[in-house]
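Take a look at the structure below.
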Ligand SMILES: [Zn+2]
């Protein structure tokens with residue numbers, strides 16, 4: 001498609017090249033439709049026609065010459081539009097082609113659908129790669145952090161003790177802060193983890209979130225384990241107290 005006639009894409013056209021009064025090709029051009037039809041024919045005779053048009057015309061089994069092509073091709077204007085560059089012009093063509101999806105007479109439909117499919121596949125591949133990269137980086141980051149914590153264990157403990165001593169009141173205040181849980185309970189921040197294992201909160205999650213069956217089973221399992229652990233700890237504590245009281 002020549003751009004010589006209008007480099008600024010201010011007068012683009014979407015056209016329909018009807019072949020043999022039957023199938024058609026949707027195109028865009030900055031040329032006049034007369035010129036564009038002529039170029040479609042020239043491409044056939046001297047260079048390389050659009051493969052969709054070429055395949056169809058060849059299937060008709062006619063002799064390829066100027067006269068026959070001139071009779072075979074009809075060109076119609078579908079829409080005038082303005083744009084900035086070739087990319088925008090082709091995007092407009094794709095947008096228009098959507099209307100002909102499923103129409104077997106539209107010759108460049110298949111190509112368009114393949115192109116869209118390819119783009120979707122590329123996007124999925126890109127996302128998958130990003131996801132993998134993210135995971136690899138995350139694992140690396142966690143390893144670095146772990147190493148750091150091991151290397152500077154004492155320093156970190158010292159620092160956090162110092163921070164705690166200096167901010168005792170602030171920390172206590174934060175821990176005792178009341179917060180509204182989405183399940184409707186008012187809880188103390190420090191008891192959030194414990195609250196989240198209560199029957200009321202668990203029931204709320206069951207009824208109000210879109211977790212998968214797998215996620216639900218994992219959560220219920222974890223909840224069960226939490227309560228078992230607590231029962232064991234309580235029993236141990238009770239027994240220790242009994243022993244202390246007997247002394
Ligand atoms: Zn809750």
### Task
Kindly put 42, 89 in sequence by how many other C-beta atoms sit within 10 Å of each C-beta, fewest to most.
42, 89
### Angle in degrees between helix 199-208 and the longest Cα principal axis of the chain, rounded to the nearest 10
10
### Query
Is it possible to state the helix-based mean residue ellipticity at 222 nm for the chain, with each DSSP H run of 4+ residues giving -39500 (n - 2.57), the sum divided by total residues, to the nearest 500 deg cm²/dmol? What is it?
-21000 deg cm²/dmol
### Task
State, as an integer percentage, the relative contact order of the range 1-113 based on alpha-carbon contacts under 8 Å between residues 6 or more apart.
40
### Message
I need 162, 16, 74 ordered by Cβ neighbour count within 10 Å, fewest first.
### Response
162, 74, 16
### Query
Given the C-alpha centroids of the range 50-73 and the range 97-111, what is the distance between them in whole angstrom?
19
### Task
Name the residue, out of 75, 205, 19, whose mean-square fluctuation peaks in a Gaussian network model built on the chain with Cα pairs under 10 Å.
205
### Query
Could you state the number of Å between the C-alpha centres of the range 28-47 and the range 178-222?
68
### Summary
In terms of the alpha carbon gyration tensor, root eigenvalues a ≥ b ≥ c, rounded if a/c is under 1.5 and otherwise prolate when a/b exceeds b/c or oblate, the range 1-126 is oblate
### Task
Take the alpha carbon gyration tensor of the range 69-153, find the square roots of its eigenvalues, order them as a ≥ b ≥ c, and report rounded if a/c is under 1.5; if not, report prolate when a/b exceeds b/c, else oblate.
prolate
### Query
Among 177, 95, 214, which one shows the biggest mean-square fluctuation in a GNM of the chain, springs joining Cα atoms closer than 10 Å?
214
### Computed E for residue 39/residue 133 - FRET, C-beta separation, R0 51 angstrom, nearest 0.05
0.65
### Task
Tell me the label-point distance for the pair residue 166, residue 46, using the 7 Å Cα-to-Cβ offset, in nm and rounded to one decimal.
8.3
### Summary
Between residue 155 and residue 196, Cβ-based FRET efficiency (R0 30 Å, step 0.05) works out to 0.35
### Task
Subtract the Cα-Cα distance of residue 222 and residue 126 from 0.36 nm times their separation in residues, and report this length gain in nm to one decimal.
31.1 nm
## Note on the structure
Quick shape check on the chain: root eigenvalues a ≥ b ≥ c of the Cα gyration tensor, a/c under 1.5 is rounded, otherwise prolate if a/b tops b/c, else oblate, and it reads prolate
### Message
Using a Gaussian network model on the chain with a 10 Å cutoff between Cα atoms, which of 23, 181, 106 fluctuates the most?
### Response
181
### Task
Work out, step by step, the length gained on full extension between residue 178 and residue 91: first 0.36 nm times the residue separation, then minus their alpha carbon distance; give nm to one decimal.
25.8 nm
### Residues in the range 23-39 that a label on residue 11 would reach, taking backbone N under 14 Å of a point 7 Å out along Cα→Cβ
29-36
#### Entry: Percent antiparallel among DSSP beta bridges (both partners in the chain, rounded to 5)
95
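Readers should treat all values here as calculations from the given coordinates under stated rules, not as data from a laboratory. This one's a predicted model, so the numbers in the text were calculated from it and none came from an experiment. So basically every Cβ, Gly included, is an ideal-geometry build from the backbone, and we count neighbours across all protein chains shown.
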